[in-house]
1. Does Val19 fit the bill of being β-branched (Val, Ile, Thr), crowded, with 18+ Cβ neighbours inside 10 Å and modelled with pLDDT under 90?
2. Taking into account only those residues within the stretch 45-68 that are in a strand (DSSP E or B) and acidic (Asp, Glu), which is surrounded by the most Cβ atoms within 10 Å (Cβ to Cβ)?
3. State yes or no: is Ser36 within 30 Å of Phe92 (Cα to Cα), modelled with pLDDT under 90 and either within 14 Å of the ligand (Cβ to nearest atom) or not β-branched (Val, Ile, Thr) (or both)?
4. Any residue in the stretch 75-87 that is farther than 30 Å from Trp13 by Cα and either among the polar types (S, T, N, Q) or modelled with pLDDT under 85 (or both)?
5. Could you give every pair whose Cβ atoms fall below 6 Å, whose first residue belongs to the stretch 63-77 and is farther than 16 Å from Asn22 by Cβ, and whose second residue is in a helix (DSSP H, G or I) and more than 9 Å from the ligand (Cβ to nearest atom), counting only separations of at least 6 or pairs across chains?
6. What about Ser8, is it modelled with pLDDT under 85 and surrounded by fewer than 18 Cβ atoms within 10 Å (Cβ to Cβ)?
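The values are calculated or read from the model by the stated rules, or taken from the named source; none is laboratory data. Keep in mind that this is a model prediction, so the values were computed, not measured. Ideal geometry is used to build each Cβ from the backbone, glycine not excepted, and the neighbour counts take in all protein chains shown.
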Amino acid sequence: MNDERLLSVSDAWDPHVHVDGNLVRASKDVRNLLASTFGLVADLPAEVETGCGRRVAFAATSPHPERVTCLLCREYAGEQHRQFADQLESLFGMSPGAGVAPGLSVSAEDAAKAVALHRDIARRFAGDG
Ligand SMILES: [Zn+2]
């Protein structure tokens with residue numbers, strides 16, 4: 001990681017709202033889902049690396065597509081949410097006819113909701129919906 005580059009760009013005045021580069025961590029629904037499934041809860045940091053490679057205060061980021069004004073971050077977030085939906089889908093074994101993976105305490109319905117949610121967010125970041 002090139003910290004010097006990150007520091008220099010964070011000094012510049014930046015009017016844009018970005019996304020947390022690790023935006024899946026920032027999603028409350030996903031945090032709850034992972035917490036209930038695997039017992040994992042990550043603390044939110046004060047400063048984060050954004051989807052476009054800057055380092056900004058966590059407060060200068062948003063998980064809401066309607067609020068993110070940085071175009072690179074919008075592209076990044078749309079792609080991340082789309083990929084995450086795909087990962088969730090395979091994680092929970094939602095291929096046609098299959099049930100939820102054994103040992104997981106998340107219902108197929110909850111998992112399907114999470115997948116649909118992330119696909120929806122991805123569409124909103126992409127600007128068509
Ligand atoms: Zn950005």
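1. Taking the combined requirement at face value, the residue does not satisfy it.
2. So, considering only residues that are in a strand (DSSP E or B) and acidic (Asp, Glu), the one surrounded by the most Cβ atoms within 10 Å (Cβ to Cβ) is Glu49.
3. On the way: within 30 Å of Phe92 (Cα to Cα): yes; modelled with pLDDT under 90: yes; either within 14 Å of the ligand (Cβ to nearest atom) or not β-branched (Val, Ile, Thr) (or both): yes.
The answer is yes for Ser36.
4. yes
5. Once the first residue is farther than 16 Å from Asn22 by Cβ and sits in the stretch 63-77, its partners that are in a helix (DSSP H, G or I) and more than 9 Å from the ligand (Cβ to nearest atom) give Pro65/Arg124; Pro65/Phe125; Arg74/Phe125.
6. yes
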